[in-house]
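The block underneath contains the structure these notes are about, expressed in structure tokens.
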Amino acid sequence: MTHAVRAFLLALRDVPNPRVLRILLQSLALTLLLLVIMGAAIYFAARWALDHWQWLGASERDMAGILVVLAIIAGSWLLFRAVAIVVVGLFADAIVADVEGRHYPAAAARAVDVGWRQNIRLALASVVRLIGGNLLALPIYILLLVTGIGTPIFALFVNGLLLGRDLEAMVLARHPDRPRLDRPARWSLGLLSAASFVVPVANLLAPIVSAAMAVHMLHLRSGDRK
């Protein structure tokens, strides 16, 4: 966990860099745009279904529409992470290359270029694991609701495991000859990343900070820092 905290602090120092800020703004704008489009699509699809099959009266349909909006807002925490991971995956090579170039030039010189097709494959695989893993854990989430705090703690554990693997894969795509992180390091990486997605406002920075943190984790372990 010590290496993960150090990597996290180094990643926070990377955020003010102009190139990182540009990538952050681009990815955030695209993420929010996709969220709005998805939310609008779900809402209008639900309203169309209610109007088409006329299961409810006019006032009940309006109330159902409000409930749909509330459900979309309540589920946005999972949607945001899923969409953000896909979007950051599209910018992954640029983020990793920038952090490596400034902090680990020797490693950057040996890196393999990652094409946009591989970035898309990694991003889609990541979101499939994120959604699939949380759906598999859904029964346990429901059972733990009675504890009051058990559900968010278990969700943090599940998403920490998933994010640790995905962030590691993002960096190792440029360094296929490097060994994987050990399990404690990978879990620490994922845990801090998952926790940052939960904090309001900070979650907007979480995708970029998590990607930079993964770079630092891999190279600090190997002693690559200049």
Rounded to 10°, Cα long-axis angle of helix 58-74 versus longest principal axis of the chain | 10
Along the three principal axes, how long is segment 127-226 when you take its alpha carbons, biggest first, rounded to the nearest angstrom?
-> 50, 27, 22
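At a Förster distance of 35 Å, what's the computed FRET efficiency of residue 47 paired with residue 9, Cβ-Cβ distance as r, to 0.05? Before the final figure, lay out the partial values.
Numbers: r = 47 Å, r/R0 = 1.33.
Efficiency, from the Cβ-Cβ distance: 0.15.
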With the 8 Å Cα cutoff and a minimum separation of six or more residues, the chain has a relative contact order in percent of 30
Using a 10 angstrom cutoff on alpha carbons, build the Gaussian network for the chain and name the most mobile of 15, 171, 69.
-> 69
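Order these peptides, 25-36, 138-149, 110-121, by their mean beta-carbon neighbour count within 10 angstrom, highest first. Don't skip to the answer; put the middle values down first.
Numbers: 25-36: 15.5, 138-149: 11.0, 110-121: 13.3.
Output ranking for 25-36, 138-149, 110-121: 25-36, 110-121, 138-149.
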Signed unit charges on C-beta, dipole axis of segment 73-160, positive-most listed residue 140, 94, 160 = 140
Expressed as a fraction of 2.2 N^0.38 Å, the rule-of-thumb size for a compact globular protein of N residues, what is the C-alpha radius of gyration of segment 175-215?
-> 1.29
Relative to the longest principal axis of the C-alpha atoms of the chain, give the angle of the C-alpha long axis of helix 116-143, reported between 0 and 90° and rounded to the nearest 10°.
-> 50
Contour minus Cα-Cα distance for residue 17 and residue 118 (0.36 nm per residue) = 33.8 nm
Using the alpha-carbon atoms, what tilt in degrees (0 to 90, nearest 10) does helix 202-222 show relative to the longest principal axis of the chain?
-> 30
Please work out the C-alpha center-to-center distance from segment 172-226 to segment 118-132 and express it in whole Å.
-> 17
Cα-based Rg (one decimal) and Dmax (whole number) for the chain, in Å?
-> 19.5, 68
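Every number in this text was worked out from the coordinates using simple rules, so none of it is lab data. For clarity, every value in this text was computed on a predicted model and none was experimentally measured. When we count neighbours, we look across all protein chains shown, and the Cβ atoms used for this are built from the backbone with ideal geometry, even at glycine.
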